[in-house]
1. Over the Cα atoms of chain A, each weighted equally, I'd like the Debye log10 I(q)/I(0) at q = 0.13 Å⁻¹, rounded to two decimals.
2. Give me the net charge for the shell around A:GLU153: Cβ to Cβ below 12 angstrom, other residues only, Lys and Arg +1, Asp and Glu -1.
3. For the protein assembly as shown, what is the percent of antiparallel DSSP beta bridges, rounded to the nearest 5?
4. Which value, in debye to the nearest 20, describes the size of the charge dipole of chain A about its Cα centre when Lys and Arg Cβ atoms bear +1, Asp and Glu Cβ atoms bear -1, and nothing else is charged?
5. Charges at C-beta only: +1 for Lys and Arg, -1 for Asp and Glu. How large is the resulting dipole of region B:1-75 about its Cα centre, in Debye rounded to 20?
6. Evaluate region A:108-149: find the radius of gyration of its Cα atoms, find its Kirkwood radius, and give the ratio Rg to Rh.
7. Averaged over its residues, how many other protein chain Cβ atoms are within 10 Å of peptide A:157-166's Cβ atoms?
8. Taking the number of other C-beta atoms within 10 Å as the exposure measure, put B:ASP6, A:ASP74 in order starting with the fewest.
Amino acid sequence: MGGLAHVFEDEGLATTQVSLVREHSVEIRPPRALWVPFDLGRPLGTPDDAAFQTRVLRAALALLAAPSGPVLEDFPDQAPDAAPAEGWACPIPLPPPTPPGDATEAALLAEIERLLPWHAVAQRDRQRSTARLSGRAPADCARLLAEVLREPEGAPSADELRFACTDLKAFYMEAATARPGQQRASARQVADWFWGETSAGQVLMALRAPLMESSDKAMRLFAGRLLVPLAQYHRLSQAGG
Amino acid sequence: MVRLADMAPEAADHLRHLDCAGYTTTPWTTAPPLSEARIAIVSTAALQRRDDPPFAVGEAGYRVIAADDAPGDLVMSHISTNFDRTGFEQDLNVVFPLDRLKELAAAGEIAGVANHHYAFMGSTPPQAMAPAARELAGLMRADGVNTVFLVPV
């Protein structure tokens with residue numbers, strides 16, 4: 001991000017920015033940066049909290065008044081929903097995750113069926129869904145992943161598989177965060193739920209090892225670096241990934 | 001979160017070893033007063049309209065987001081799986097604070113909001129993005145933009 005600031009300033013445009021990794025901003029020396037102590041992926045802090053987002057925005061814009069730089073300031077407050085929400089649970093408890101194998105497709109389809117009403121709630125309340133990047137419905141993503149687990153050599157392109165995985169995760173996580181009135185889950189809680197408590201998470205982790213043996217370099221890159229978050233690697237041995 | 005010391009060790013190591021070297025100076029453009037700032041957002045979240053081509057691994061290009069694009073038309077095709085997407089899923093403004101910027105413009109705190117905003121994919125090395133960014137600078141100036149708000153993911 002800071003590298004882009006260098007280019008724009010050099011082209012005569014003033015910049016200010018959010019910084020999520022302070023150490024990077026120290027190295028890159030962008031002209032004006034506001035470091036925020038928020039989760040990666042949440043540069044403005046917290047969803048559905050316009051007042052807090054505006055505080056962050058105003059703090060970043062205030063740096064434009066600095067007479068010289070580089071300026072690197074720290075935002076003083078944690079995001080309001082940074083701490084784990086006590087008692088948070090997925091709206092509908094799912095059965096224990098099914099170990100990857102013959103029952104995978106049925107397990108995924110059963111999970112999707114139970115999550116569908118809550119995904120509909122999320123879509124209604126937010127007036128949007130971020131899923132369907134692949135153009136596939138959740139059940140079709142599930143069938144594809146189960147098929148690839150059975151026959152890794154028959155996998156579609158790495159990008160097609162990546163988008164199907166992205167869509168399935170979006171569907172699950174949008175549904176899991178939908179329940180009206182529920183205390184908002186932290187980012188880590190939702191991730192731990194998906195990767196630790198769903199058959200979908202088990203399948204994605206189980207796909208990693210066989211796809212890393214692919215003859216396709218793009219597929220090996222996808223499986224090795226873009227499939228399972230680094231923060232969830234501790235689960236890989238359990239899932240056979 | 002998020003100092004590297006507070007992250008899962010694998011994730012912290014990954015970020016610690018990203019190449020950020022080579023920046024020994026800081027270019028500087030004097031900013032206009034906020035009341036005269038017309039602002040564009042440049043995101044590195046790999047945002048795109050649903051019918052745009054998704055970002056590919058290593059891609060250094062950008063996508064254009066119009067100020068009046070519906071939030072439901074915007075999706076994210078970033079290749080990394082190492083950041084939270086649930087904030088974005090619940091509220092676009094967590095990643096792309098266009099509504100917040102429009103509110104400041106309506107209140108007169110800033111002069112205005114650009115007609116077009118832009119998204120890169122942050123996994124691509126910044127040096128590779130530089131040619132596209134220089135092209136964007138010209139487009140933004142033509143849009144009357146004098147200030148850029150950069151938002152990582």
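1. Scattering profile of chain A, log10 relative to I(0): -0.91.
2. Details: positive: A:ARG150; negative: A:GLU147, A:GLU151, A:GLU213, A:ASP216.
Around A:GLU153, the surrounding residues sum to -3.
3. Details: 8 of 28 bridges.
Rounded to the nearest five, the antiparallel share is 30 percent.
4. Working: 24 positive and 30 negative charges, 49 e Å.
The calculation lands at about 240 debye.
5. Values: 6 positive and 11 negative charges, 36 e Å.
So the magnitude is around 180 debye.
6. Details: Rg = 11.4 Å, Rh = 11.2 Å.
Computed over Cα atoms, the ratio is 1.02.
7. Working: counts 0, 3, 6, 0, 0, 6, 3, 0, 1, 8.
For this peptide, the per-residue mean of nearby foreign Cβ atoms is 3.
8. Values: B:ASP6 9, A:ASP74 12.
Listing B:ASP6, A:ASP74 from fewest to most nearby Cβ atoms yields B:ASP6, A:ASP74.
Since every read-out is calculated from the coordinates, none of them should be taken as a lab result. Everything numeric here is computed off the predicted structure, so don't read it as measured data. Reconstructed Cβ throughout: ideal geometry from the backbone, glycine too, with neighbour counts over all protein chains shown.
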